[in-house]
Protein chains: 2
Amino acid sequence: MTAAVTRGVCRVMIEMGYAPVLELSLPNGRRADVTAISPKGEIVMVEVKSCRADFDVDSKWPEYKEYCDRFYFGVAEDFPRDLLPEDEGLIIADAFGGAVVRESETASLAGARRKTALIRIARHAAFRSLG
Amino acid sequence: MTAAVTRGVCRVMIEMGYAPVLELSLPNGRRADVTAISPKGEIVMVEVKSCRADFDVDSKWPEYKEYCDRFYFGVAEDFPRDLLPEDEGLIIADAFGGAVVRESETASLAGARRKTALIRIARHAAFRSLG
């Protein structure tokens, strides 16, 4: 389920012109499900939630927002959306694609943080691309 | 032959703490054989040359140097090294590893160029990591 939504979220990102990577480790110990970069270096993160329990146990998702310009939850069609904070971005997806149903606010990263984030993403993606 | 040297060059990069990506397309139409990023965002490029003819037909390798902090040629043990410019970095490699036998000069990219390069590398690596 999570894998299917993650795949659909990646497709949405690609359609929007972003290059997505999976499971980026962050300095705070968390791992971002999907991180994507625009041609201008804008960074989007998407936290995929599979079910109510998955959302309930995670009180720390706001920590992702320190590392990106935009943040979305990514869930399946049947996820109980009323659980999700109303002011965060939302992507509904299945294995074949999806759509942004609520736009994220944009909080631009400062230059130095963006540089650090771009280096982290590039190195992570490079190691993954080597297989 | 080229694939073996490229693989060895990647191993050298990883041992030096760099994350390598293959075949990065550049805005000038060239494609860098190996591009690697340090944890601080330093960018290295390595141009792999398989034989004399491969080097002779390529007069445009200096163009890589606009996109990296350090530049090396990567060749096999039996490559005729006297062909190569004496003031450029040199890595000798086979399929299993290699060594830097001549250090590259460091020409630091300006901030905006580095940012653009990091975005390009990150996006390229991301798409490759998706397979």
Inset, instruction - Can you tell me the relative contact order of chain A? Whole percent, Cα pairs under 8 Å, sequence separation 6 or more. - result: 25 percent
Legend entry - Rounded tilt (10° steps) of B:111-129 against the dominant C-alpha axis of chain B: 80 degrees
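Would you mind ranking A:ILE92, A:ILE14 by Cβ crowding within 10 Å, fewest neighbours first? If you can, show how the numbers build up before the last one.
Working: A:ILE92 21, A:ILE14 16.
Taking fewest neighbouring Cβ atoms as first place, the list is A:ILE14, A:ILE92.
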Inset, instruction - Mind jotting down the three principal axis lengths of chain A based on Cα atoms? Whole angstrom, largest first. - result: 37, 27, 25
Legend entry - Charge dipole of the stretch B:2-129 about the Cα centre (unit charges at C-beta), most positive-ward option of B:ILE92, B:VAL21, B:ILE121: B:ILE121
Inset, instruction - Every other copy gets compared here: list the nm distances from the A:VAL101 label point (7 Å along Cα to Cβ) to its counterparts, shortest first, one decimal. - result: 6.2
Legend entry - Exposed-loop-free span, longest in chain A, where GluC sites (Glu not before Pro) count as exposed if DSSP calls them loop and at most 14 other C-beta atoms lie within 10 Å: A:1-76
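Report the semi-axes of the equivalent ellipsoid for the stretch A:88-131 in whole Å, largest first, where each axis is √(5λ) for an eigenvalue λ of the Cα gyration tensor. All intermediate terms of the calculation are to be shown ahead of the outcome.
Details: eigenvalues 131, 85, 4 Å².
Sorted largest first and rounded, they come to 26, 21, 4 Å.
Counting only pairs 8 or more places apart or on different chains, how many lysine pairs in the protein assembly as shown have C-alpha atoms closer than 15 Å? Please list the in-between numbers first.
On the way: A:LYS40/A:LYS115; A:LYS40/B:LYS115; A:LYS49/A:LYS60; A:LYS115/B:LYS40; A:LYS115/B:LYS115; B:LYS40/B:LYS115; B:LYS49/B:LYS60.
For the protein assembly as shown, the number of qualifying lysine pairs is 7.
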Inset, instruction - For the stretch A:54-131, count all C-alpha to C-alpha pairs, find those more than 16 Å apart, and express that count as a whole percent of the total. - result: 62 percent
Legend entry - Estimated 222 nm signal from helices in chain A, with DSSP H stretches of n ≥ 4 weighted -39500 (n - 2.57), rounded to 500: -9000 deg cm²/dmol
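Within chain B, what's the longest run with no trypsin sites (Lys or Arg not before Pro) in a DSSP loop and at most 12 other beta-carbon atoms within 10 Å? Give the range, please.
Excluding the exposed sites themselves, the longest stretch runs over B:61-131.
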Legend entry - For A:MET1, B:MET45, order by how many other beta-carbon atoms lie within 10 Å, fewest first: A:MET1, B:MET45
Legend entry - Cα-based helix-to-principal-axis angle, B:2-15 vs chain B, degrees rounded to 10: 60 degrees
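Sort B:SER50, B:SER59 by Cβ crowding within 10 Å, fewest neighbours at the top.
Least to most surrounded, the residues fall as B:SER59, B:SER50.
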Legend entry - the protein assembly as shown: translational diffusion in µm²/s, Stokes-Einstein, Kirkwood Rh over Cα pairs, 25 °C, 0.890 mPa s: 125 µm²/s
Inset, instruction - Sketch the reach of a paramagnetic label on B:LYS60 as a point 7 Å from Cα along Cα-to-Cβ, and name the residues of the stretch B:26-53 whose backbone nitrogen lies under 15 Å away. - result: B:26-33
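The numbers here are math on the coordinates, done by the rules we state, and not lab data. Worth saying up front: this structure is predicted, and the values here are computed from it rather than measured. Cβ: placed from backbone, ideal geometry, glycine included. Neighbour counts: every protein chain shown.
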